[in-house]
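Engineer: Sharing a structure with you now.
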């Protein structure tokens with residue numbers, strides 16, 4: 001007998017079920033037994049029983065139940081939640097084997113996107129991916145960089161579009177494109193028609209900061225590199241608010257993202273000027289949790305994203 005043909009060690013069926021994992025994940029996401037029961041359209045006692053049997057099978061306490069305060073996951077529960085989401089996703093893919101025509105991809109996909117990138121990146125990505133894979137149910141989450149990285153680590157987010165700024169060790173990324181920071185001025189500013197400007201030329205004037213980490217931290221790191229210290233007049237958490245304030249003449253700003261219009265919501269003009277100082281480009285990534293296997297839907301999305309933002313795309 002060929003040694004390579006020998007069967008491996010006997011496998012035993014787990015003492016828990018996928019249904020129990022589904023009930024546990026639903027409880028964790030809704031925060032209460034009752035909320036999970038309503039979503040699953042079953043009785044609260046059935047949900048509670050499934051979670052208790054899962055705890056017994058695994059030999060760990062997954063959550064602490066508090067009257068009037070819902071449930072709180074233990075450390076073991078947090079770990080199981082992340083693993084369960086991935087396992088349920090893969091189980092859904094297995095159920096689809098033979099059900100899709102020509103290898104068509106189905107299932108669910110949760111896409112994260114950094115706030116300021118969302119208006120320009122999400123529409124073309126959702127359009128292209130939806131046309132290629134209509135059977136995938138895609139939802140997106142706009143959030144700050146830290147929240148997106150937390151979502152990737154927990155399994156709540158499959159992939160995320162974000163800047164290559166202060167990424168954690170547990171996050172890996174595929175470069176989609178690069179963009180260069182610019183100075184934003186009101187259209188009637190004396191330097192608006194210059195085309196290029198040094199940060200030293202505008203640093204003494206009032207500065208409008210996009211106060212949204214890591215963009216704000218990145219801006220000040222560039223200022224330190226160039227040797228300037230801007231005079232912050234206003235801080236705003238929204239890109240359009242920053243552009244509106246600049247359009248009103250309240251100051252200048254340093255931005256990475258470039259909307260395709262030179263007007264604010266009020267219809268006032270703004271001018272984006274190249275920076276003559278030695279300022280590095282910023283990479284935009286499609287990020288994932290390092291060391292985890294992407295679902296078929298997430299792998300398909302990565303291919304679509306690479307095609308959408310390719311130089312030939």
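Engineer: Send over the per residue convex hull volume for region 18-87, Cα only, as a whole number of Å³. Write down the numbers at each step before the final one.
Structural biologist: Details: hull volume 5.3 nm³, N = 70.
So the per-residue hull volume is 76 Å³.
Engineer: Based on the Cβ-Cβ distance from residue 141 to residue 46, what FRET efficiency comes out when R0 is 30 Å, to the nearest 0.05?
Structural biologist: Between residue 141 and residue 46 the formula returns 0.50.
Engineer: A further question follows. Averaged over all directions, how much area does the convex hull of the C-alpha atoms of region 105-242 cover when projected, in nm²?
Structural biologist: 10.1
Engineer: Taking the 0 to 90 degree range and rounding to the nearest ten, how far is the long axis of helix 44-58 tilted relative to the main principal axis of the chain, both from C-alpha atoms?
Structural biologist: Compared with the principal axis, the helix lies near 80 degrees.
Engineer: Two decimals, Cα atoms only, Kirkwood Rh: what is Rg/Rh over region 234-303?
Structural biologist: 1.15
Engineer: Now for a separate question. Stretched out fully, how many nm does the piece from residue 299 to residue 200 gain, at 0.36 nm a residue minus the Cα gap?
Structural biologist: Separation in residues times 0.36 nm, less the Cα-Cα distance, equals 31.2 nm.
Engineer: How big is D for the chain, in µm² s⁻¹ as a whole number, if Stokes-Einstein is applied with the Kirkwood radius of its Cα pairs at 4 °C and 1.567 mPa s? Mind showing how you got there, number by number?
Structural biologist: Values: Rh = 22.7 Å.
It diffuses with D of about 57 µm²/s by this estimate.
Engineer: Now for a different question. With both partners inside the chain, how many of the DSSP beta bridges are antiparallel, as a percent to the nearest 5?
Structural biologist: Percent antiparallel among DSSP bridges in the chain is about 55.
Engineer: Under a 10 Å cutoff between Cα atoms, tell me which one of 260, 77, 155 has the largest fluctuation in the Gaussian network model of the chain.
Structural biologist: Of 260, 77, 155, the Gaussian network model singles out 260 as fluctuating most.
Engineer: Subtract the Cα-Cα distance of residue 65 and residue 266 from 0.36 nm times their separation in residues, and report this length gain in nm to one decimal.
Structural biologist: Length gained, residue 65 through residue 266: 67.3 nm.
Engineer: Here's another thing I want to ask about it. Output the direction-averaged projected area (hull surface divided by four) of the convex hull of the alpha-carbon atoms of region 167-206, in nm².
Structural biologist: With the hull built on Cα positions only, its mean projection is 5.1 nm².
Engineer: Oh, and also: Taking only Cα atoms, what is the 0 to 90° angle, nearest 10, from helix 75-95's long axis to the longest principal axis of the chain?
Structural biologist: Helix 75-95 and the main axis of the chain meet at about 80 degrees.
Engineer: At R0 = 25 Å, how high is the FRET efficiency between residue 307 and residue 187 if r is their beta carbon distance? Nearest 0.05 is fine.
Structural biologist: 0.10
Engineer: Additional query: Counting only Cα, what are the radius of gyration and maximum Cα-Cα distance Dmax of region 163-308, in Å?
Structural biologist: 17.2, 53
Engineer: When DSSP assigns beta bridges and you keep just the ones with both residues in region 181-280, what percent turn out antiparallel, to the nearest 5?
Structural biologist: Values: 9 of 17 bridges.
Once the DSSP bridges in region 181-280 are tallied, antiparallel ones form about 55 percent.
Engineer: Once label points are set 7 Å from the Cα along Cα→Cβ at both residue 38 and residue 178, what is their separation, rounded to one decimal in nm?
Structural biologist: Rounded to a tenth, the inter-label distance reads 5.1 nm.
Engineer: How long, wide and thick is region 38-79, going by the Cα atoms along their three principal axes, in whole angstroms, largest first?
Structural biologist: Per principal axis, max minus min of the Cα coordinates gives 27, 24, 16 Å.
Engineer: Compute the length gained on full extension between residue 281 and residue 56: take 0.36 nm times their separation in residues and subtract their Cα-Cα distance, giving the result in nm to one decimal.
Structural biologist: Answer, rounded to one decimal: 75.7 nm.
Here, each number is a calculation from the coordinates, and none is a lab measurement. Here the structure is a predicted model, which means the values were calculated and not measured. Here the Cβ is made from the backbone with ideal geometry for all residues, glycine too, and neighbour counts use every protein chain on show.
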